[in-house]
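The values are calculated or read from the model by the stated rules, or taken from the named source; none is laboratory data. Since we're looking at a predicted model, the values are computed, not measured. Because the Cβ atoms are built from the backbone with ideal geometry, glycine has one as well, and the counts that use them run over all protein chains shown. Remember, those area values only see protein heavy atoms, side chains included, never the ligands or the DNA or RNA. Shrake-Rupley method; radii C 1.70, N 1.55, O 1.52, S 1.80 Å.
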Amino acid sequence: MIRNSRRHTEPLDHAELARLLPAPADPRLAADRQDLLEEHLMSEIHRPDQAAPAAAPVRRPLRRTVLFAAPVAAAAALAVVVSLNTPADTVGSPRLVRAPVVRIEEGSTVQLASTVHAIAAAATARTTPQPGPGQFVYVKSQVSFMATRHNADTGESATWVQPLHDREVWKSPDGTKGWLVEPGYQSKGGITLDTKEPREQLTYQWLAAQPADPDALLKSVYSTVSGDRDHDQQAFNEIGSIIREQLVPSALAAALYEAAGKIPGVVVVEHAQDVSGRDGIALARLDPQTGERSEWIFDRESHQYLGSRGVQVREEYGIKPGTVVERTTIVTRAVVDAKNQRPGAGQATA
């Protein structure tokens, strides 16, 4: 989510972005993934130059660093591709670790209707705070995305993932103001998400105005997708970007889950672990163009949303089946009175 990040994010200098990125390649990035990529790209540009921790440290000039959306990123994961003159296994900036590998469990539609019903019922019963004028939606999560490190001298590449790390966002209800803090992945203190042209589907105001009708919502979601990528997958990703990093009114959240259950190809995965190792149940969909399965993980008993996971099911672009290319988990959702303010005593949380 309607990247990324979705969440319309920081304003971009499009001319500079065009110089930094190669011409777009098909399949196209989903909107929520594009938003995330833009955030990380601009975050990297804002970073001070750092030395790689090696016996003979090699400086990494900014002009030698290129981040771009590779085909793997279009696989519905955020790919950060770093061109370096250092060995591929050198831990540089951003620091990378080996991707987790899990056993792939087949998904099924047998329990889809009952699972969606239980998730929707739990969402309806949950109370969510309502942000007022001048307030901000605050979401703290832990995230990890795939990164491909490319050695400019040898031409060799290796696929890794970012270590699981904190990410905090503040968003005004109308989407025009915001702030992002992601220590180690952008400049110290955070970066602005202020924009004059927010993607209205990602704002609280837009969500609050939508009818809590699954069919109407699904029609609205499909109206936002375009291009050559699988439209059903794009619709699934759009809804995923909303529930991941936004505050959704209870009735609308229930309708969104019911709408997702109507998307062709959506299945239930009986066992999916979140980043804390908790065994949950997932609504999932396999992207037919990239071989990655996007999973939304819910607590098995309470059916509360825990986070998301991206698992490579079919080998594509050299990524082996079972590789976990994306992990996110929600830590806190709340309404606060100002940017950079964290929820404290007496402030509403969801």
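Leu218 meets the conditions (1) open to solvent by 20 Å² or more (accessible area, probe 1.4 Å); (2) in contact with a strand residue (DSSP E or B) (Cβ under 9 Å, 6 or more places away or on another chain); (3) hydrophobic (A, V, I, L, M, F, W, C) in every case but one. The failed one is (2). Here is a check on your reading of the model: is Glu315 out of contact with any helix residue (DSSP H, G or I) (no Cβ under 7 Å at 6 or more places or on another chain), farther than 30 Å from Pro133 by Cβ and modelled with pLDDT of 95 or more? It is false that Glu315 is out of contact with any helix residue (DSSP H, G or I) (no Cβ under 7 Å at 6 or more places or on another chain), farther than 30 Å from Pro133 by Cβ and modelled with pLDDT of 95 or more.
The residues of the range 123-157 that are open to solvent by 20 Å² or more (accessible area, probe 1.4 Å) and of a type in the set (A, V, I, L, M), listed by number, are Ala125, Ala152.
Pairs are defined by a Cβ separation below 8 Å, a sequence spacing of at least 6 or placement on different chains, a first member in the range 258-282 that is over 14 Å from Val102 (Cα atoms), and a second member that is surrounded by 20 or more Cβ atoms within 10 Å (Cβ to Cβ) and of a type in the set (D, E, K, R); the pairs so defined are Ile263/Arg285; Gly265/Arg285; Val266/Arg285; Val267/Arg285; Gly280/Asp274; Ala282/Glu295; Ala282/Arg309. Restricting the range 245-262 to residues that are of a type outside the set (Lys, Arg) and in a loop (DSSP other than H, G, I, E, B) leaves a set whose member that is nearest to the chain's Cα centre (by Cα) is Glu245. Of the residues making up the range 221-236, those that are crowded, with 17+ Cβ neighbours inside 10 Å and among the acidic types (Asp, Glu) are Asp230, Asp232.
Considering only residues that are small (Gly, Ala, Ser) and surrounded by fewer than 22 Cβ atoms within 10 Å (Cβ to Cβ), look in the range 242-259 and name the one that is nearest to Leu306 (Cα to Cα).
Per the criteria, the residue is Ser250.
If we scan the range 158-172, do we find a residue that is among the small types (Gly, Ala, Ser), modelled with pLDDT under 95 and crowded, with 17+ Cβ neighbours inside 10 Å? No, the range 158-172 contains no residue that is among the small types (Gly, Ala, Ser), modelled with pLDDT under 95 and crowded, with 17+ Cβ neighbours inside 10 Å.
The residues on offer are Arg285, Arg309, Arg342, and the sole one that is assigned to a strand (DSSP E or B) and out of contact with any Asp or Glu (no Cβ under 7 Å at 6 or more places or on another chain) is Arg285. Criterion applied to Gly265, Gly175, Gly184, Gly189 was being at pLDDT 95 or above and either touching a Ser or Thr at 6+ places or on another chain (Cβ under 7 Å) or in a loop (DSSP other than H, G, I, E, B) (or both), and the one residue passing it is Gly265. The single condition among (1) open to solvent by 40 Å² or more (accessible area, probe 1.4 Å); (2) over 24 Å from Glu106 (Cβ atoms) that Arg333 does not meet is (1). The residues listed here are Ile191, Ile239; of these, the one that is more than 21 Å from Ala121 (Cα to Cα) and open to solvent by less than 40 Å² (accessible area, probe 1.4 Å) is Ile191.
Looking across the range 312-330, the residues that are more than 17 Å from Val248 (Cβ to Cβ) and either aliphatic (A, V, I, L, M) or outside any strand (DSSP E or B) (or both) come down to Val313, Arg314, Glu315, Tyr317, Gly318, Ile319, Lys320, Pro321, Gly322, Val324, Val325. Considering the range 271-286, and only residues there that are crowded, with 16+ Cβ neighbours inside 10 Å and at pLDDT 95 or above, the residue that is farthest from Val139 (Cα to Cα) turns out to be Leu286.
For Leu306, the criteria (1) farther than 21 Å from Thr124 by Cβ; (2) open to solvent by less than 70 Å² (accessible area, probe 1.4 Å); (3) in contact with a Lys or Arg (Cβ under 8 Å, 6 or more places away or on another chain) hold in every case but one, which is (1).
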